[in-house]
Amino acid sequence: MEKGLVGWESQDDPENPRNFSRSQKIRGMTLLAAITFLSPLISTISAPGVSYMNAEFNNSSSILASLAVSIFVLGFAAGPLVISPLSEIYGRQIILNICNSLLTLWQIGCALAPNIGSLIAFRFLAGVGGSACLSIGGGIIADLFTTQQRGLAASAYTFGALFGPIIGPMIGGFIAQRAGWRWTYWVSLCAAGVVTVGNIFLSAETSPVILLRRKANRLRRELNRPELKSVLDAKAAADESSISVLRRGLIRPLRMLFTTPILLFLSIYVAFVFGLLYLLFTTLTSLYIDTYHWQPELCGLAYLGLGLGCMTGIVTVAKTSDAAIIRLSKANNGVYEPEMRLASCVMFALFVPSSFFWYGWSADYAVHWIVPILGLIPFGFGLMGIIIPIQTYFIDVGGPFAASALSGLTAFRSLFGGLLPLAGPKMYEALGLGWGNSLLGFLSLGLIPVPLIIYNLSSMMDQMIIERDVSIPTSDGITLKADVFRPKDGKPAPVIMTLGPYGKGVHYKDGYAPQWEWLIKTHPDILPGSTRSLMTWETVDPETWVPWGYVCIRVDSRGAGRSPGYLDIFSPRETQDYYEAIEWAGVQPWSNGKVGLNGISYYAINQWLVASLQPPHLAAMIPWEGAADAYRDWPRHGGILSNVFTEMWYNRQVVSIQHGNPDAIIDPWLNDRASGPPSSLLDKEHLERNRSDPVADALHHPLDDAFYRQRSPDFSKITVPFLSAANWAGFGLHERGNFEAFTQAASKQKWLECHPGRHEEWFYLKEGIDIQKRFLDYFLKGVDNGWDKQPQVLLRLRRPFSDEFEVRNEATWPLPNTQWTPIYFSASDKLLSWSTPEAENSVSFSALQDSVTFTSAPLEHATELTGPLAAKIYASSRTTDMDLFITVQAFSPDGREVEFQGTVDPHTPLAQGWLRASHRKLDPARTLPYRPYHSHDEIQPLEPNQVYELDIEIWPTNILLPAGYRLTIQVGGKDFERTDSSNDGNEAWTSRGSGPWLHTHPEDRPKEIFGGKTTIYGGGSKASYVLLPVIDSR
C-alpha cells in the first residue's frame, strides 16, 4: 500500500475468490447451477400446455402458439447484452439477485395473463430476468476457477442450462393436464423464489474488481487514508466518470463479438445447434399427441431420449475436457491455448445429423413410439459436446470480461432458439417430418467441419507456439514485455524482432482501422494463407513467417505498452534496451543464435540506432522506410521545425498506448489493457511526468547538437548486412534516411530497394515479402538462394498515370549513368530553361502568403529523372531570416499533374526540399554537388535585402516522363499545399500535398521574421537552378 494501491495480500489470500474454500465454491456453484437449471426449465415448461392455452384464449394461430413458448428465449437474447457488462461494473451477485427476483415475479404476470398477448409480453420480461444466470455464470466460473479447473465447473454449470429445457416439458405435461396450464407458472414461481432467496443469503460476491474495491473502501476508513484505491479499479485510476464506465461496459459485448471473427463464427454455429433444440421442443408434443395419441401429461416423456443423450454428453465432457487440456498443454511445451477446447467438438458434431434422419423418418412413418425417442439420444450427446467446450472457450478468452464474452454467445443462441421454432410448423407442413428433419440433418452435416476449421484457423497450434508477456530483463532492472511466436517443432530457429512504442497488444484492424480497411479493400488477397488475426501495426505477420521457420518477437519499448519505465523515443536508453533484447533472444534455447530485424517506420529507424552498437547476435536487418538522422530526416527539415506530424503522431500512436494509460485499447489476446495490467494504471499527471515531449525537445534544440547526435546512428559502425527499403514518395520522413544509410554505412553487404505506394503497403505485398524472405533466408538460415549475386540496387520505376512499376537492377546509387543537369530559373517571367539566362532578373513574393512557380517548356524527348536533386538559389529577404520550401512537379500536355500515392498523402508531388537561410552554412567535408550537407551548428542571421547564395537539398525522386511533359519548380516561404484537400478517410489527417509533415509552430516561425517579402534571383551572376538527375538512356 506504499503506492496507495490495494491488492491481494498474497497469492494465497483467502479473500481472493480463487482461494475460496471448497465448501464455499460448492455452495456457490450449486446455487448458480440451480437457477441456471430453473430458468431454461421455465422456458419450456409451458410447451405441453399450449393446447389448453389455445383453447382458453381461442387462439388458432400456430405462430402465436409457438411464440408463447419461444418468446422466453428471445428474452435470453436481449438480457445478456446489458446484464453481463453491468455485472462486471457493479458486481456479479447484486445483478444476479435482481434479475433472479424479476424472473420470479414475472411468473405471477404469466399465471394471471388475461390474453395471449399479455402472456407473451410477461414471458419475454421473465426471459430477460432469467438470462442473467446464463451470462453472469461464465464470469463467476472465471472468478472462482483456474483454466485447468474450468472444464468440470463449466460442465456442471451447463448441465442445468441445457438439461433444464428438456426436463421442463416432462413436468409441464403432468401439471397442465392435472392442474391446468396456468399452474405451470405458479410452480415456476415457487421454485424460482426458493432458489433466489437462497442465493441472496448464501452466495458471496466473486468479482475481484468489486472485492478489492470493497477492501480499499474499508481500509480508507480504518486507516484514514483517502488516497487508497484498488489496483483493479480502472475508474479510480483514470478518474473516469460512472457514465463513461457504464457506456464502455455496455458496448463491450458487441465489440468483443463483432470485432473477433472467431467468436462471431462460433456464436453462429452454436446458435444454429441451439435453435434445433428449441425447434424440437415445439414439435415433439404435437407429434406424440397427433400421431401417437398420447395424453399431454405423458408427452413430457418424449423428451427422455434428449435427456439421456444430454446426460451422457455432460458426463463424457466432464471426464475428458480438463484432462485433454492438460495433455494438449504438455504436448505444446506447457503452453495452454484456449483453442484446445475446440478440438473435441468435431467428434460430437458427428452425432447431430444422424438424429434428424433417424427421428424424422421414424416419425414420418409412425413406427413404434420408442424409435423417435431413441433417435434423439445422439442429438443430446452431440449438443453437450459442442456447446460446453465452446462456452468454456469463451470463458477462457474472456478473462476478466468473461461475462461479456459469454453474453454475446448467449444472445446469439437465444435469438435462434426463439426464432427458428417459428419456422418449424410451416416447414413440416410443406415437407413433412421426414424431409423436413432431413433438411436439418443435411445442414448439420455440412456444418460438421466448422469447429475443426475454426480450430485450425485460430489456434495455430500445428504451426506455432505463442507466448504472451514474456519478460526480458535489462541492465538497469526494468523488465520489458514481449510476445513470442515460434515454430512448434522446438528446433532452434532464426529470430525476427521488433521493438517499439506502438503496443504489441494493439491489433492492426482495431488500433489502425482506417489503414487496415484501406489495405484489405485495395489488396483483398494480401498475405495468402494467413488469417491476419495476429497482425500489429508495421510489424511482420507471424502467421506468414513462423511457418517459414522463423521466431517472431514483438517487444514493447520502455514506457510503452506492457513495458514499464520512462517513455523517451529513440533515446540512448531505448537503444540499449534493444541491444539487450537482441542478445537475450540470441541465447534462448529456441534460437539458432541469429537475430534479424524487420519492420516499418519506427521499427526501421531504431534498427539503424541499435546496429551502431553492433550486438553480437544481430545477423541481418531490413529497415523498411526508416529515417536515420534525428535532425535532418524528421524534426528539422533544413533547420525548420516540422511540428504538425509529431504533435499528432505522438499523441495518437504513442501516448495512447503509454504504459499505465487507463484509456488504452484492450489487448484482444490478453483481454487486458495493452498499456499494462490494472496495477500499472496512472493518472494524467503521472503519465505526463513519465514521458518526454518530442515537439518541445525539438523546439528547444534548434541546432544539431548532442541531443540529436545521441538519437542518430553512427554509420561508420553499422557493419551488419542490411536491405534498405525506401519509398519514392516518402518526403518529410524516412526516404532520406534509407538513401543516406545505404551510401554512408560501413557495411560491405548492403542493398537498396526503392518502391512506390503507401507507407505500410509494399511491406505486405508479395513483391515486398519475397525480397524480405530471400534476404533473411540467406543471412539467417544460410540458404543458398543466389542473394549474394543480387545487384545492390533494385528500383521500381514510376511512369505518369500508371500502376505498373518496371523493375530494374542497378549497381550503385546514385546511378552510374546519371547526367547531372541544371535547369535554370528565369525569375522575371517565371520560366525554366536548360541554359543560363544572360540577364539578371528577379521575382518577389510574400513569404507566408504566396509562392512562385517556374515552368519549363515541353520536354523534347522522353526523360528519366532518378536520384537526389539539389537547388542553388540566390535570394534575399526584407527580414533577418527566411525559410524556403522547394517543390518539384510535372504536368502532362493536357495539364494534369503527375502525382503519386505517397506514404500518407494520396497526391504527392515529385520531390521536395527545405532550408532555413540562417542555417545555410555547409559542411564542406560531407557536401556533394548533388547533395548539400548543412552543418546546422550555428545560426547566421541575414542582413535585410542582401542577396545570399543558398544550397538546398532536395530528396531523391524517380519518374520516367514522356516527351511533351513540362516540369515546374515551386519556391515558397511556407509548406506546399494544393487548394483542394485530400482525405479519403484512411488517415488521421487531411493532406494537401505535403502530407502531415508541416512546419507551422509559431515559436519557430514568428511572422515578424518569416513573414517578410522574399526575392528570388536568376540569370547573370545570380543564376539560380535545380540540379536534376537525368539518366542517360544509352
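Quick grid of which residues meet (1) in contact with a helix residue (DSSP H, G or I) (Cβ under 9 Å, 6 or more places away or on another chain); (2) of a type in the set (Gly, Ala, Ser); (3) without any contact (Cβ under 8 Å) to a residue 24 or more places away in the chain:
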site: Ala411; (1), (2), (3): yes, yes, no
site: Leu431; (1), (2), (3): yes, no, yes
site: Asn437; (1), (2), (3): yes, no, no
site: Leu440; (1), (2), (3): yes, no, no
site: Pro451; (1), (2), (3): yes, no, no
site: Thr479; (1), (2), (3): no, no, no
site: Pro501; (1), (2), (3): yes, no, no
site: Val506; (1), (2), (3): yes, no, no
Subset tally (residues that are touching a Phe, Trp or Tyr at 6+ places or on another chain (Cβ under 7 Å) and surrounded by fewer than 18 Cβ atoms within 10 Å (Cβ to Cβ)) for region 83-119: 2
Residue check for Gly768: buried (at least 23 other Cβ atoms within 10 Å of the Cβ), in contact (Cβ under 8 Å) with a residue 24 or more places away in the chain and part of a helix (DSSP H, G or I): no
Any chance Pro48 is of a type outside the set (Ser, Thr, Tyr) and touching a helix residue (DSSP H, G or I) at 6+ places or on another chain (Cβ under 7 Å): yes
Checking Pro542 against (1) surrounded by 24 or more Cβ atoms within 10 Å (Cβ to Cβ); (2) of a type outside the set (D, E, K, R); (3) in contact with a helix residue (DSSP H, G or I) (Cβ under 7 Å, 6 or more places away or on another chain); (4) closer than 22 Å to Tyr508 by Cα, the condition it does not meet: (3)
Residues of region 8-27 satisfying the condition of being touching a residue at least 60 places away in the same chain (Cβ under 8 Å) and within 37 Å of the chain's Cα centre (by Cα): Trp8, Glu15, Asn16, Pro17, Arg18, Phe20, Lys25
Pairs where the first residue, in region 876-897, is of a type in the set (Lys, Arg) and the second is in a loop (DSSP other than H, G, I, E, B), C-beta under 7 Å, 6+ apart: Arg878/Pro944; Arg878/Asn945; Arg878/Gly1012
Subset of region 660-703 that is on the phi > 0 side of the Ramachandran plot and at pLDDT 90 or above - its residue that is farthest from the chain's Cα centre (by Cα): Gly660
Count of residues meeting criterion [surrounded by fewer than 21 Cβ atoms within 10 Å (Cβ to Cβ) and under 25 Å from the mean Cα position of the chain (by Cα)] in region 771-806: 1
Residue in region 703-716 that is of a type in the set (A, V, I, L, M) and either buried (at least 23 other Cβ atoms within 10 Å of the Cβ) or in a helix (DSSP H, G or I) (or both) present: yes
Test set (1) surrounded by 24 or more Cβ atoms within 10 Å (Cβ to Cβ); (2) among the charged types (D, E, K, R); (3) at pLDDT below 95 - Glu899 fails condition number: (1)
Candidates Ile472, Ile465, filtered to the one that is modelled with pLDDT of 85 or more, in contact with a Lys or Arg (Cβ under 9 Å, 6 or more places away or on another chain), within 27 Å of Phe145 (Cβ to Cβ) and not in a helix (DSSP H, G or I): Ile465
Single condition Leu815 does not satisfy, out of (1) touching a Ser or Thr at 6+ places or on another chain (Cβ under 8 Å); (2) closer than 20 Å to Ser856 by Cα: (2)
Residue within region 996-1009 that is modelled with pLDDT of 95 or more and part of a strand (DSSP E or B) present: no
Hits in region 722-744 (condition: within 22 Å of Tyr579 (Cβ to Cβ) and surrounded by fewer than 21 Cβ atoms within 10 Å (Cβ to Cβ)): Gln744
Considering residues of region 613-648 that are touching a residue at least 60 places away in the same chain (Cβ under 8 Å) and surrounded by fewer than 19 Cβ atoms within 10 Å (Cβ to Cβ) only, the residue farthest from Leu703 (Cα to Cα): Gln614
Residues satisfying the stated conditions in region 925-968, i.e. among the basic types (Lys, Arg) and not in a loop (DSSP other than H, G, I, E, B): Arg931, Arg966
Subset of region 906-919 (residues that are part of a loop (DSSP other than H, G, I, E, B) and either in contact with an Asp or Glu (Cβ under 7 Å, 6 or more places away or on another chain) or surrounded by fewer than 18 Cβ atoms within 10 Å (Cβ to Cβ) (or both)): Pro906, His907, Pro909
Those strands (runs of 3 or more DSSP E) lying entirely in region 784-833 with at least 3 residues among the aliphatic types (A, V, I, L, M): 793-797
Residues of region 595-649 that turn out to be over 30 Å from Thr1000 (Cβ atoms) and in a helix (DSSP H, G or I), as a count: 4
Enumeration of residues in region 269-328 that are closer than 18 Å to Pro451 by Cβ, crowded, with 18+ Cβ neighbours inside 10 Å, among the small types (Gly, Ala, Ser) and at pLDDT 75 or above: Ala271, Gly275, Gly313
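Yes or no: Ala154 in the same structural domain as Ile289 (by TED's automatic domain parsing), surrounded by 24 or more Cβ atoms within 10 Å (Cβ to Cβ), within 36 Å of the chain's Cα centre (by Cα) and of a type in the set (A, V, I, L, M)?
yes
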Close pairs (8 angstrom Cβ cut-off, 6 or more residues apart or separate chains): within 10 Å of Gly173 (Cα to Cα) in region 43-54, acidic (Asp, Glu) anywhere: Pro48/Glu297
Among the candidates Gly130, Gly173, Gly164, residue that is modelled with pLDDT under 85, among the small types (Gly, Ala, Ser) and either surrounded by 24 or more Cβ atoms within 10 Å (Cβ to Cβ) or farther than 30 Å from Pro208 by Cβ (or both): Gly173
Evaluation of Tyr512 against (1) under 23 Å from Asn671 (Cβ atoms); (2) at pLDDT 95 or above (one fails), failing number: (2)
Neighbours by Cβ (under 8 Å, 6+ apart or cross-chain): first from region 57-73, in the same structural domain as Leu102 (by TED's automatic domain parsing); second assigned to a loop (DSSP other than H, G, I, E, B) and not aromatic (Phe, Trp, Tyr): Phe57/Asn115; Ala65/Asn59; Ala68/Ser46; Val69/Ser46
Candidates Thr979, Thr903, Thr866, filtered to the one that is among the polar types (S, T, N, Q), within 26 Å of Leu752 (Cα to Cα) and in a loop (DSSP other than H, G, I, E, B): Thr903
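Report yes if some residue within region 741-757 is at positive phi and not assigned by TED's automatic domain parsing to the domain that holds Glu1003; otherwise report no.
Scanning region 741-757 turns up at least one residue that is at positive phi and not assigned by TED's automatic domain parsing to the domain that holds Glu1003.
The values are calculated or read from the model by the stated rules, or taken from the named source; none is laboratory data. Owing to the predicted nature of the structure, the values given are computational and were not obtained by experimental measurement. So basically every Cβ, Gly included, is an ideal-geometry build from the backbone, and we count neighbours across all protein chains shown.
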